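Every read-out reported here was derived from the displayed coordinates using simple, explicitly stated rules and does not represent laboratory data. None of the values given here were measured: they were computed from a predicted structure. Here the Cβ positions follow ideal geometry from the backbone for every residue, glycine too, while neighbour counts run over all protein chains shown.
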């Protein structure tokens, strides 16, 4: 098993804690259960042969640890309550949340499949009527709907990791990307930020953040505001998983803090895709992190991209595709003015 416990911890600590805390009385109990879970993970991770099954295996370990905890306490009533009330309630909540994503995902499908699924799945029309509306034979309509369903299923599975109960109902889902997260719309973010792209009103800003934790996000935003950080590197696979096109020179991005609040707008001034191994000492200096040396960049970013790869069920390597970008800040919420 190539994935190490540390990488698993960084990638799954928060989603597993969220999964656990809704099934125990308080946050302190959730911390205890999470520690028990990762002790089991550390002991048994080398025996996991199929890395693609990592996420389902982790949630199975968490669920079994919760059951064992109730049984040890001989609190059968609490176990029954946790199973009947919390899981069922969350099942409905998870299904509702996923259902809210479907419209957007269907809209993103190629037009021929989008139209077929809108008629059959969203409007609930019989496939005979779908065939008539689309000018297809009945067999052609059935084929198109089935193909659309497969595309939608692939989009959902690439977006989220799902946990199902024995009846096939969704118990839990964890977004792998922002597509199922509660991300505000671009116009809403622009209003909250107080920014209008008056120079390029036709372009649609991208939305993103820096770092993979609250602490790192805060540190990187401060480095940007101090003028130290003028470059950033990201994993191309993450852009692909989120269904986003890579930025081009002149594109802008609304930057969110860890609370998903808009804090600044950056403009890309240099964009290049190269392997991890191709980073230069000049780029490491411009990123402004650590001691700004090439060695520091490689150590810190190898750990960062290892965590990102674990969440995407991929393995880090010297050849993994990295998006190297340089940028300038064109609006900052602190000054509430264009720069």
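Going from the fewest other Cβ atoms within 10 Å to the most, the residues 334, 224 appear in the order 334, 224. Give me the one-decimal Kirkwood hydrodynamic radius in Å for the stretch 186-338, with the sum taken over alpha-carbon pairs. For the stretch 186-338, inverting the mean 1/r across all distinct Cα pairs yields 16.0 Å.
Ordering 324, 19 from the fewest to the most neighbouring beta carbons within 10 Å gives 324, 19.
What is the Cα centroid distance between the stretch 1-34 and the stretch 109-125, reported in whole angstrom? The two parts, judged by their Cα centres, are 38 Å apart. In terms of other Cβ atoms within 10 Å, 121, 238 run from fewest to most in the order 121, 238.
Protection proxy ranking for 28-34, 327-333, using the average of other Cβ atoms within 10 Å per residue and placing the highest first: 327-333, 28-34.
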